[in-house]
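*Asks:* Here it is: the structure, laid out below.
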Amino acid sequence: MDKLGFAPTWISMIMGMVSSVNFSVMFNGNRLESFKPTRGIRQGDPISPYLFLLAAEGLSCLLKNNQSWHLSGIQVAQTAPSVSHLLFADNSLLFFKAHGDGVNELSSCLDRYCSASGQRINLSKSSIFFSKGCPVTLRDEIK
């Protein structure tokens, strides 16, 4: 939030709301000792979508600022603007020209985001798709 220009008092207030949560569990009718979660926000927390937007904006800024020839995105029509990414609550779509240098540049960008945000990319849930015009040799090189 600091990098996005939020005031320290605002950051402190948001972090206070996120870090002041305690959980307790009932076991066989007895309440166990309460504990603090070590990471994440509880499911259904009303602030969750807004925090997602802040995190998504951080990734979006990184991708926009890194747009070189390799990471220029795609156009769906000649007069359409270039689209490099679409970010959803539980999914991200990244669109780039297939090029070895572009893969390295994208990987570096995502590494910086993960390092700064504490989030991780689940490679077992990640996929790569190529357009019909992408040569097989280039596909093999990138994969």
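*Asks:* Compute the Rg to Rh ratio over the stretch 67-134 from the alpha carbon atoms, using the Kirkwood formula for Rh, and round to two decimal places. Numbers along the way, then the final one.
*Replies:* Values: Rg = 12.9 Å, Rh = 13.3 Å.
The Rg/Rh ratio comes out at 0.97.
*Asks:* Report, by chain and number, residues whose modeled amide H sits under 5 Å from the one on Lys97, excluding near sequence neighbours (fewer than 5 apart, same chain).
*Replies:* Those qualifying (amide H under 5 Å, at least 5 residues apart or on another chain) are Ser72, Gly73.
*Asks:* Can you tell me the orientation of helix 8-19 relative to the chain, as the angle in degrees between its alpha-carbon axis and the longest Cα principal axis, to the nearest 10?
*Replies:* 70
*Asks:* Still on this model: With contacts defined as alpha carbon pairs under 8 Å and 6 or more residues apart, what's the relative contact order of the chain in percent? Before the final figure, lay out the partial values.
*Replies:* On the way: 105 pairs, mean separation 21.1, N = 143.
Here the relative contact order equals 15 percent.
*Asks:* Right, something else. So if we plug the beta-carbon distance of Ser126 and Arg42 into 1/(1 + (r/R0)^6) with R0 = 30 Å, what FRET efficiency do we get, rounded to 0.05?
*Replies:* Numbers: r = 26 Å, r/R0 = 0.86.
The computed FRET efficiency comes out at 0.70.
*Asks:* Another one. I'd like the distance between the alpha-carbon centres of the stretch 84-143 and the stretch 47-64, rounded to an integer number of Å.
*Replies:* 17
*Asks:* Please list, or write none, the lysines whose alpha carbon is within less than 27 Å of the alpha carbon of Lys125, excluding same-chain residues fewer than 8 places away.
*Replies:* Cα-Cα hits under 27 Å: Lys64, Lys97, Lys143.
*Asks:* Where the only charges are on Cβ atoms (+1 Lys, Arg; -1 Asp, Glu), what is the dipole of the stretch 22-94 about its Cα centre, to the nearest 20 debye? Spell out each step's value before the answer.
*Replies:* Working: 5 positive and 4 negative charges, 32 e Å.
Computed charge dipole of the stretch 22-94: roughly 160 debye.
*Asks:* Please give the contour-minus-distance gain from Ser92 to Lys3: 0.36 nm per residue of separation, less the Cα-Cα distance, rounded to one decimal in nm. Don't skip to the answer; put the middle values down first.
*Replies:* Working: separation 89, 0.36 × 89 = 32.04 nm, distance 2.15 nm.
Once the chain is fully extended between Ser92 and Lys3, it gains 29.9 nm.
*Asks:* Could you tell me how many degrees, from 0 to 90 and to the nearest 10, lie between the Cα long axis of helix 100-117 and the main elongation axis, the longest principal axis, of the Cα atoms of the chain?
*Replies:* Around 10 degrees separate the two axes.
*Asks:* Moving on to the next point. Rounding to the nearest 20 debye, state how big the charge dipole of the chain is about its Cα centre with +1 on each Lys and Arg Cβ and -1 on each Asp and Glu Cβ. Show your work: numbers first, answer last.
*Replies:* On the way: 13 positive and 10 negative charges, 44 e Å.
Taking the Cα centre of the chain as origin, the dipole is about 220 debye.
Read-outs: derived from the displayed coordinates by stated rules, not from any lab. Quick caveat, the model's predicted, so the values are computed rather than measured. Heads up, the Cβs are rebuilt from the backbone with ideal geometry, glycines too, and the neighbour counts pull from every protein chain shown.
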